[in-house]
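Student: This is the structure I have questions about; it appears just below.
The values are calculated or read from the model by the stated rules, or taken from the named source; none is laboratory data. Fair warning: this is a prediction, and the values are worked out from it, not measured in the lab. Virtual Cβ from ideal backbone geometry, glycine too; neighbours counted across all protein chains shown.
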Amino acid sequence: MSPDTVKYAIVMLAAGVGVPVLAALNAQMGARIGSPAAAAAVMFVLAAAVAGVVALAIGQGGGFAQLSAQPKYLFLAGALIAFYLLSISWVAPHFGVGNAVIFVLLGQILAIAVIDHFGLFGARLRPMDWPRLAGIALMMLGVVLAQRPMQ
């Protein structure tokens with residue numbers, strides 16, 4: 001395994017740890033203030049500020065000038081993250097953070113398989129084969145088993 005692969009895996013592992021933490025924190029904020037939508041809005045303002053500062057700090061602020069030339073469908077990513085945060089902030093207090101994130105994970109596994117198989121959105125084409133299908137099925141089974149009530 002190359003050093004870059006290890007580096008990328010560690011970053012994404014940390015991002016994965018952040019998802020349920022983000023869900024729990026924002027769900028709690030929404031419950032405390034009585035508005036999951038307002039809690040999500042605050043999170044987005046903070047996230048935008050941090051991302052903007054990082055872009056400027058690492059010398060990538062010029063990318064902002066290129067935004068108007070990009071295909072409009074690429075901006076759907078913003079709507080999808082808004083949907084994720086609004087839904088997790090609303091659902092988690094009622095359904096449980098673990099249950100909510102587990103179903104998010106199931107959706108991610110299914111979407112990953114389709115995106116990779118067809119090379120959608122410029123992703124590297126990785127056609128579905130039996131070993132990959134079996135691995136995805138095992139991941140999904142693991143997610144379901146992890147949520148079973150204790151006997």
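Student: Quick check on residue 80: is it closer than 19 Å to residue 46 by Cα and at pLDDT below 90?
Tutor: no
Student: Restricting attention to the stretch 47-62, which residues are surrounded by 10 or more Cβ atoms within 10 Å (Cβ to Cβ) and either assigned to a helix (DSSP H, G or I) or under 19 Å from the mean Cα position of the chain (by Cα) (or both)?
Tutor: Once the filter is applied, which keeps residues that are surrounded by 10 or more Cβ atoms within 10 Å (Cβ to Cβ) and either assigned to a helix (DSSP H, G or I) or under 19 Å from the mean Cα position of the chain (by Cα) (or both), the stretch 47-62 yields 47, 48, 49, 50, 51, 52, 53, 54, 55, 56, 61.
Student: Since residue 68 meets every condition but one in (1) surrounded by 12 or more Cβ atoms within 10 Å (Cβ to Cβ); (2) over 25 Å from residue 21 (Cβ atoms); (3) out of contact with any helix residue (DSSP H, G or I) (no Cβ under 7 Å at 6 or more places or on another chain), which condition does it not meet?
Tutor: Of (1) surrounded by 12 or more Cβ atoms within 10 Å (Cβ to Cβ); (2) over 25 Å from residue 21 (Cβ atoms); (3) out of contact with any helix residue (DSSP H, G or I) (no Cβ under 7 Å at 6 or more places or on another chain), only one is false for residue 68: (1).
Student: What residue, of 45, 101, 54, is among the aliphatic types (A, V, I, L, M), in contact with a helix residue (DSSP H, G or I) (Cβ under 7 Å, 6 or more places away or on another chain) and closer than 24 Å to residue 20 by Cα?
Tutor: None of the others qualify; the one that does is 101.
Student: Could you check residue 141 against (1) surrounded by 11 or more Cβ atoms within 10 Å (Cβ to Cβ); (2) at pLDDT 85 or above and say which number it fails?
Tutor: Failed condition: (1).
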